[in-house]
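Asker: Below is a structure I'd like to ask you about.
Quick note: the coordinates plus some simple rules give every number you see, no bench work behind them. Predicted model only: the values in this text are computed from it and were never measured. Cβ: placed from backbone, ideal geometry, glycine included. Neighbour counts: every protein chain shown.
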Amino acid sequence: MDLLALSVLPEQQNSGLLARISGALSAFSESDTAFYTFPTLKSMLPRFSAVLKVSPCIVLAIDKAKYNTVREKLCSALGLKTEQNEEAYRRLSENTALPVEEIVKNAAVPKNATAFLTEDGMYPGFAVEKGRQTIIFLPLDEERLDSVLKHGIVPYLMQKEVLTQDAETPVEKTSAAVPTESSEVVQHTVNVLREVGAKVAVSSTPAAEILKNFGAGCTGFDEYFIFTPHVEDKGDYNLTDYVAITAKAAKELSGATYGASISEIGRSDGGDYICITVADDKTAVVRKLYREDDESEADFTQDAAEELAELIGEKASGKGAVGIEVAGPAAEPQGFFSGKSGKVLISVIALVLVAAITVGCIFFVREKKKRDAESLAQSSTPIQSEIPSVSEPPAVLDTVVLSQFIYNEMRNGIQETPAEVTTASAAGTAIDTTVADPAAQEIPSEMLVNGKTMDAKEAVARMIAAEANGNEQEEALKAQAVAVYTYLKYRNTNWKITGVTLAEEYSDEIYNAVRAVFGEYLSFGDAPAFTPFHKLSAGRTTAADAVFGQNFPYLRAVDSLSDKTQESYKTERIYSADDVRAMLTAYDGTLAFSENPEEWIQVLRHDGAVDTGVGYVEAVSVCGKEISGVEFAERVMAGKNMPSHCFAVTYSAQTNEFMFEMYGVGCGVGMSLYGADRMAATGSTYAQILSKFYSGAQLTA
């Protein structure tokens, strides 16, 4: 397989896109899947002509700015007659504002080619076969590449691989692989899959090769285990979320009953770990396995691969995710959510609502497999815990994490009915006046969340866990617990809330932080304060009035410089002028576009959160129409998942593209969760953290 790319993209973006294609193709080629890159068609032609004579498969990745032109020229040179792809034409007509002649050009693919369509029909990829040679065209387009890979080229190559295998004469095995303990585990899982008539697709991560090796001598392994290309981009996902997403992708690519995945080794303060997962249509079960101090990385990865085989068997047999809590030998009984101790290996088991890609964790302790039965019996003392019994979280659709929920409510209004007798405070909230002192309202023991009554501390812990990464400092968790409790009190809906995401489980660190400060809240003017928060600021938070249109004296812009050290601090995206024109037209069909695209989007005012040239955008001109930065992020860029409204826009006449540079994650108002965590790591208390981000509000017990 020969891979050629024509691109004038910035090196960082170009290499990222090509790496995603290479990763998807690696499962179908025994040779190197690195691209040869060229800046122009002229410079690419000599190499293309050479491989055209000898290569059975050529993959051409073309920069979207040149895609239609290059495709037309190469098809003509190869003698490939083109025709309109009707589905591409329909999608382009419905989803873009392109002139008819541009739609016709975009929708043209060679006759008898297999088209790989994008959601809006722009830049369709395709594969065309001549004799035994296949030529594949793919667009280098950040917005559309994933769709082309997952729903186009990968299923196409998988089908070709199946057809090739079917056409080959089966080769009789001359010798059987030597049975091992691990291969016996895999054989048992194969037998379970055969009994229930199910297959499992495993994402081809590097560690998945070990599982493939275990299955080499197992009867029926190749029939019931499918290994799919690893096509998902990790992006900003944590390892737990990412492994669940890759399992779901493997299932979708193959059509198997289950999807499975095993991660690389991750690093954390708790130790080295690997995540394994099995997913079906609705849920995924994730286990997080920690390496022992004296265990080599190779042995650890092999143990994790064997554990994945066991987990697949459990899932297929209908046993579900079962965890057993066991204390280490000669150790004191461990708490229900205890950390790693001695030689105990921690597993994290998570049920994931795959459609929402929301992962929550149940922490269990499992004994090391080599521990003998006698030691196990001696250590099976019943375990006591101060954490309340865990109730099943309600299945609520269309939920969002609390930071987003707060933002949505402030923009759209609180949906629940407020307390029966209320009065408006100077801070803009309704407070209960059915008691003599509103600030002394009884601390709730229960809350009604998503239609289900649950322990109040547990509810707050689950809300926090839904946004936590698992490594937060205790004082930062306390600060977040106070902010969450304060907002629930501020809403004044009798401790009822609907539509907020709850983690399936929460750690003892989170629960203990909630318990330590439960009942404490921030007040302003004898009323509960409004306490929004967000994942990551742009290095400085922004004032509330610029986002919500309402002034809160305690929600001013404050520095949070440590946020600039995070990997997700800055996000860059490039859109063609055609794409931007389509987005602006979809937002407002009456806009008048000037001949110079540079004039289409102009930032008029910002707060300088990043520097003198970039900040949270207060006003932006869209073809002469002034709108807020928040409206631009929400409505103009609808569906593009802009991480924040702190952005800069530049236009390149050379490439006819717009570059969006975005900073921070979230609304930018109130407490930065990452900034709070860094303050705690340097010795700040939760009271000091709250005082910084909600300056002027009073901590009230």
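Asker: Fewest first, what order do Asp559, Asp141 take by the number of other Cβ atoms within 10 Å?
Answerer: Asp559, Asp141
Asker: Counting other C-beta atoms within 10 Å, which of Lys53, Lys478, Lys625, Lys199 has the fewest, and how do the rest follow?
Answerer: Lys53, Lys625, Lys199, Lys478
Asker: First select every other residue whose beta carbon is under 14 angstrom from the beta carbon of Leu555; then total the charges, Lys and Arg +1, Asp and Glu -1.
Answerer: Net charge around Leu555: +1.
Asker: Note the full-extension length gain between Arg635 and Asn656 as 0.36 nm times their separation in residues minus their Cα-Cα distance, in nm to one decimal.
Answerer: Result for the pair: 5.3 nm of gain on full extension.
Asker: For Lys564 and Asn95, what is the calculated FRET efficiency with R₀ set at 41 Å and r taken between the beta-carbons, to the nearest 0.05?
Answerer: Result of the calculation: an efficiency of 0.65.
Asker: At a 10 Å Cβ-Cβ cut-off, how would you order Tyr273, Tyr575, fewest neighbours first?
Answerer: Lowest count first: Tyr575, Tyr273.
Asker: Can you give me the distance in nm between label points at Asp588 and Asp526, each placed 7 Å from the Cα along the Cα-to-Cβ direction?
Answerer: Between Asp588 and Asp526, the simple spin-label model gives 4.5 nm.
Asker: For the residue pair Asn112 and Asp611, what label-to-label distance in nm results when each label sits 7 Å from Cα along the Cα-to-beta-carbon direction?
Answerer: Here the modelled spin labels are 5.7 nm apart.
Asker: Next up: How high is the FRET efficiency between Ser621 and Thr453 when r is their beta carbon distance and R₀ equals 51 Å, given to the nearest 0.05?
Answerer: 0.55
Asker: Just to verify a number: FRET efficiency for Asp398 and Glu129, C-beta to C-beta distance, R0 = 35 Å, to 0.05?
Answerer: Efficiency at R0 = 35 Å is approximately 0.20.
Asker: Modelled label-to-label distance, Ser296 and Asn408, 7 Å Cα→beta-carbon offset: nm?
Answerer: For Ser296 paired with Asn408, the spin-label model returns 5.1 nm.
Asker: Evaluate the relative contact order of the range 564-663 (contact order divided by residue number), counting alpha-carbon pairs under 8 angstrom at least 6 apart; express in whole percent.
Answerer: Reported as a whole number, the value is 32 percent.
Asker: I've got another one for you. By how many nm would the segment from Arg267 to Glu209 lengthen if fully extended, with 0.36 nm per residue of separation less the alpha-carbon distance?
Answerer: Working it through step by step, the gained length comes to 18.8 nm.
Asker: Principal axes first, then extents: for the Cα atoms of the range 564-663, list largest minus smallest coordinate on each axis, whole Å, largest first.
Answerer: Computed over the Cα atoms, the extents are 40, 27, 26 Å.
Asker: For Glu184 and Val104, compute 0.36 nm times the residue count separating them, minus their Cα-Cα distance, and round to one decimal in nm.
Answerer: Full extension of this stretch gives 23.1 nm more.
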